[in-house]
Amino acid sequence: MATNEDYTFIITALKGLSSAMNSSKIDATLEKITSLTETSDSGIILDFSALNEGDSQLMQIFQDAIRKKRPVSFEYTNSDNITRLHTVEPIAVVYRWYAWYLLAYSIVKNDYRIYKLIRMRNAKIVDAVFTKEHKNAEIILRDKDKQMPQKLTEITVRCKSEARSKAIEYLNGKIICEYDNGDCDMTLNVIENEHFWFGTLLSLGDCIEIITPEHIRHRILEASKKIVKLYQKL
């Protein structure tokens, strides 16, 4: 029942997935779908190669475990730099918040958790079976988001003209006031426990100043002091 246009959309999505993951199975599926249509040009290119964190073996382990409904174990270092061994029942590999995550059921915590792939080491499939039947991954994610919604913090910044385009591009800044010299005030909405925005603000140096809230100003100040102290040793 699919039209040629439908197939081009499917092919575009598969090409995007293929660029993010090194998978011969995805490539084989792409080849099959491509053979069903005369054209595969949708006018859209999804290049997710930047999402490929280089650990295709880890992704393959989780995919195999999910398909076979087998638990996995791995060493995990959390944001407090504490490393523990986890054994979980994997549900899905998810890309969100600029990184790959594993959605899984923690046997110890008796709850669904999200683990960042780049913080994992020595992952392996465990010789056991799932302890329970799990819901669809999208349903579990929606439930998790409702229980622990990502709280956004609004930051007001004063941005010099030379950093204006970068603040808009990388921080999704919204201009609320413009000055004659090209400088402007912006608002940014960030998730405080994520680090991408924080590192971007530091990289802009004295071209951007946090006006509010005060605790974010203090956080930037303390980080800057540590950087200065480090280089003053030289």
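The values are calculated or read from the model by the stated rules, or taken from the named source; none is laboratory data. Not measured: the values here are computed from a predicted model. A quick note on method: Cβ atoms are made from the backbone with ideal geometry, for glycine too, and the neighbour counts reach across all protein chains shown. SASA here: full protein model, heavy atoms, side chains in, ligands and nucleic acids out. Shrake-Rupley method; radii C 1.70, N 1.55, O 1.52, S 1.80 Å.
Taking the 1.4 Å solvent-accessible surface of the chain as the whole, the part contributed by carbon and sulfur is 52%.
Remark: the range 178-192, residue by residue, has Karplus-estimated 3J(HN,Hα) of 10, 10, 4, 7, x, 5, 7, 9, 10, 10, 10, 10, 10, 9, 4 Hz, where x stands for each Gly or Pro and the curve is 6.51 cos²θ - 1.76 cosθ + 1.60 at θ = phi - 60°.
Taken over the range 1-109, the percentage of Cα pairs per 5 Å bin, counting from 0 up to the bin with the maximum distance, is 2, 10, 17, 19, 17, 13, 10, 6, 4, 2, 1. For the residue pairs Lys144/Lys174; Lys25/Lys109; Lys116/Lys225; Lys166/Lys225; Lys15/Lys109; Lys160/Lys226, the C-alpha atoms sit more than 32 angstrom apart in Lys25/Lys109; Lys15/Lys109.
Counting 0.36 nm for each residue step from Lys116 to Leu36 and taking away their Cα separation leaves a gain of 25.1 nm. In the chain, the DSSP-assigned H stretches of four residues or longer account for a calculated mean residue ellipticity at 222 nm of -11500 deg cm²/dmol, using -39500 (n - 2.57) per stretch and the full residue count as denominator. About its Cα centre, the dipole of the range 78-133 is roughly 220 debye, where the only charges are +1 on Lys and Arg Cβ and -1 on Asp and Glu Cβ. Taking every Cα-Cα distance in the chain and sorting them into 5 Å bins from zero, the calculated P(r) comes out as 1, 5, 10, 12, 12, 13, 13, 12, 10, 7, 4, 1, 0, 0 percent.
Couplings 3J(HN,Hα) of the range 82-96, computed from phi: 9, 9, 9, 8, 10, 10, 9, 9, x, 10, 6, 8, 10, 9, 7 Hz, in residue order, whole Hz [Karplus 6.51 cos²θ - 1.76 cosθ + 1.60, θ = phi - 60°; x for Gly and Pro].
Per-residue 3J(HN,Hα) values for the range 193-205, derived from phi via the Karplus relation 6.51 cos²θ - 1.76 cosθ + 1.60 with θ = phi - 60°, read 7, 8, 10, 4, 5, 5, x, 5, 4, 5, 5, 7, x Hz in sequence order (x marks Gly and Pro). Amide H contacts for Ile91 (H built 1.01 Å from N in the peptide plane; partners 5 or more residues away or on another chain; cut-off under 5 Å): Leu103, Ala104, Tyr105. Going by a ≥ b ≥ c, the root eigenvalues of the Cα gyration tensor, does the range 91-205 fall in the rounded group (a/c under 1.5), the prolate group (a/b larger than b/c) or the oblate group? Prolate is the answer for the range 91-205, as a/c is 1.5 or above and a/b outweighs b/c. For a straight C-alpha distance cut-off of 17 angstrom, the lysines reachable from Lys146 (same-chain residues fewer than eight places away being disregarded) are Lys135. Loop-located GluC sites (Glu not before Pro) in the range 146-202 (DSSP state not H, G, I, E or B) with no more than 16 neighbouring Cβ atoms inside 10 Å: Glu192, Glu194. Per residue, the average separation of C-alpha pairs within less than 8 Å and at least 6 apart gives the range 120-234 a relative contact order of 26 percent.
Checking every one of the trypsin sites (Lys or Arg not before Pro) in the range 134-234 against DSSP loop status and a limit of 15 other Cβ atoms within 10 Å picks out Lys135, Lys151, Lys233.
Here the range 206-234 is scanned for amide nitrogen atoms under 16 Å from the site 7 Å beyond the Cα of Asn181 along Cα-to-Cβ, giving 206-210.
Each residue of the range 151-211 gets 70 Å³ once the volume of the Cα convex hull is shared out per residue.
If you take the square roots of the eigenvalues of the alpha-carbon gyration tensor of the range 79-157 and sort them as a ≥ b ≥ c, do you get rounded (a/c under 1.5), prolate (a/b over b/c) or oblate? Oblate, because a/c is 1.5 or more while a/b does not exceed b/c. Evaluated with a Cβ-only charge set (Lys, Arg +1; Asp, Glu -1), the chain carries a dipole of roughly 1180 debye about its Cα centre, given to the nearest 20. Surface exposure of the range 84-193, expressed per residue as accessible area with a 1.4 Å probe, stands at 63 Å². Taking all C-alpha pairs of the range 186-234, those more than 16 Å from each other amount to 41 percent.
The tail of the calculated P(r) for the range 1-48 beyond 14 Å holds 45 percent of all Cα-Cα pairs.
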